[in-house]
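The structure under discussion appears below in the form of structure tokens.
Just so you know, all these numbers are worked out from the coordinates, no wet-lab data involved. No experiment lies behind these values; they were computed from the predicted model shown.
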Amino acid sequence: MWVLLMYLMNLIMSIKNIKGINFRNVLCISILLFIYSCGSNTISFDEKKQVIISECNISKIIIENLKTSDIVIVKSKMKHKKYLLSLNKMDTVNFIYFKDWLENKKLDDFTIQPNTKYKIENASIGDASNFGLTLEANEEGELKISH
């Protein structure tokens, strides 16, 4: 991302020497484009469908059981864009599930535990800060946003 910024700055410096082009306008447009291109790790949760919804491609989601501190890391297998992740059933076609930070122990099974709180973080875009939600499972294992 910083390479893109440096490229834009060099482009701006070359453009400012051309007559009739306002340097401030070019600089403002370049900064806005750079900020927009950074992306976001913002996620939301659809309680009815029990899915995480992301504004960007989901490539890495961290699920932490707040009762046991166990984590599950969910990484995308696919090159194409995937914006939804179900928490009620494993999607092994599109995602790989790991049970450690080093991502070397794959999970064969993952289920939401009843009466448990979970912290869900989207860490898909490396240069954007993680975004998290806290969800709470009821006695049937259905998740709701915890306030």
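In order along the range 48-54, phi translates into HN-Hα couplings of 5, 8, 6, 10, 8, 10, 10 Hz, rounded to whole numbers, per the Karplus curve 6.51 cos²θ - 1.76 cosθ + 1.60 with θ = phi - 60° and x for Gly and Pro. Using a cut-off of 24 Å between Cα atoms, the listed pairs K48/K105; K67/K105; K60/K144; K49/K106; K106/K144 include K48/K105; K49/K106; K106/K144 as exceeding that distance. Can you tell me how the range 84-147 classifies by the Cα gyration tensor, rounded, prolate or oblate, using a/c under 1.5 as the rounded cut? It comes out oblate by the Cα gyration axes.
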